[in-house]
Ligand code: HEM
């Protein structure tokens, strides 16, 4: 049994119980949220969310500054990377040019050693600040008699929960990405890095493509085939690695650490380059599908937020999804 599968089984058991942390009091269980995703997208042998994706491998090479912020062994020397690019949502056939969906990048630094998992998307904010709000967001989109969400319910939920529109507004304001390797990705939650001296920094992670961002006009997007992102990735990797800089955006007093719908004023914050991730090749999807990228799986020197209920529910929700797609 792989480590991730073993972890998943334990977490599946936890998922049906009340969540462990104080932040989770009165929140719905992970199984309820995965049920809601399954109601919208249908039950299938695929991830409940980010069903469509491509597994990849590469290398992460840290900068000298990284060790000044974190004692993580993942930031001490070049380490192998297992990653997966994906399209948001539970539809395994979603067209790659869909503007309203996020693109995802999950990656494990040092899959063979003391690893850390990161699960990012191409927006700096999430569409819900806690599991209750996420469930409400999904329920408002449950298919009506005609098989589509009822626009009046979607609007009523958005009006009552305006912060849940922040992610959609962000995506609408940007072009459709021309490449999985041509867009910024964020970790969204506030993480704490601890160095060897015990100094702590509250940060947000961001991946910046070294080749720059590349977008499509709406007309160009319309003309693209359904799976163009994977085709483009394979072509690109045939010529050389697709690289991203991993940066830490340094938090300042007053920056929210427990609300993933709230954005930090990034352009006013210092950022430190932690290293470069070079994605070198596509890998057999089975390599990524046999387990989960678990955002709470972090090596010493990197910690997730303790007071963010959305962060807390991700690990058990991913485990529920794995248990269903592995059946
Ligand atoms: C900042 C918040 C979040 C981000 C950035 C995010 C992003 C992602 C990404 C990129 C994946 C694909 C992982 C892969 O390629 O294997 C994923 C999977 C998934 N996400 Fe999230 N997610 C967030 C929060 C949540 C929450 C709160 C839930 C549910 C409570 C959730 C439910 C799921 C599920 C069920 C999967 C499929 C897991 C699997 O079967 O491997 N996500 N998410």
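See the values below:
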read-out: Failed criterion for residue 221 (all others in (1) outside any strand (DSSP E or B); (2) within 16 Å of the ligand (Cβ to nearest atom); (3) surrounded by 16 or more Cβ atoms within 10 Å (Cβ to Cβ) hold); value: (2)
read-out: Residue 76 surrounded by fewer than 23 Cβ atoms within 10 Å (Cβ to Cβ) and within 28 Å of residue 235 (Cα to Cα); value: no
read-out: Test: residue in region 260-275 that is assigned to a strand (DSSP E or B), touching a residue at least 12 places away in the same chain (Cβ under 8 Å), within 16 Å of the ligand (Cβ to nearest atom) and within 16 Å of the chain's Cα centre (by Cα); value: no
read-out: Residue identified as under 30 Å from residue 197 (Cβ atoms), within 10 Å of the ligand (Cβ to nearest atom) and in contact with a strand residue (DSSP E or B) (Cβ under 8 Å, 6 or more places away or on another chain) among 107, 85; value: 107
read-out: Identity of the residue in region 45-59, more than 10 Å from the ligand (Cβ to nearest atom) and within 11 Å of residue 288 (Cα to Cα), that ends up surrounded by the most Cβ atoms within 10 Å (Cβ to Cβ); value: 56
read-out: Residue that is surrounded by the fewest Cβ atoms within 10 Å (Cβ to Cβ) [pool: residues in region 241-259 that are within 26 Å of residue 134 (Cβ to Cβ) and away from the ligand (no atom under 14 Å from the Cβ)]; value: 254
read-out: Residues of region 85-107 classified as touching a helix residue (DSSP H, G or I) at 6+ places or on another chain (Cβ under 8 Å), under 22 Å from residue 166 (Cβ atoms) and without any contact (Cβ under 8 Å) to a residue 60 or more places away in the chain, total; value: 2
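For every residue, the table says whether it meets (1) within 13 Å of the ligand (Cβ to nearest atom); (2) in a strand (DSSP E or B); (3) more than 13 Å from residue 121 (Cβ to Cβ); (4) touching a residue at least 40 places away in the same chain (Cβ under 8 Å).
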{"residue": "174", "(1), (2), (3), (4)": "no, no, no, yes"}
{"residue": "193", "(1), (2), (3), (4)": "no, yes, yes, yes"}
{"residue": "201", "(1), (2), (3), (4)": "no, yes, yes, yes"}
{"residue": "207", "(1), (2), (3), (4)": "yes, yes, no, yes"}
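Every residue, every condition in (1) touching a residue at least 60 places away in the same chain (Cβ under 8 Å); (2) within 9 Å of the ligand (Cβ to nearest atom); (3) closer than 20 Å to residue 249 by Cβ; (4) surrounded by 19 or more Cβ atoms within 10 Å (Cβ to Cβ), yes or no:
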site	(1), (2), (3), (4)
279	yes, no, no, yes
287	yes, no, no, no
292	yes, yes, no, yes
295	yes, yes, yes, yes
300	yes, no, no, no
316	yes, yes, no, yes
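Readers should treat all values here as calculations from the given coordinates under stated rules, not as data from a laboratory. The model shown is predicted, which means the values in this text are computed figures rather than measured ones. Cβ atoms come from the backbone with ideal geometry, glycine included; neighbour counts cover every protein chain shown.
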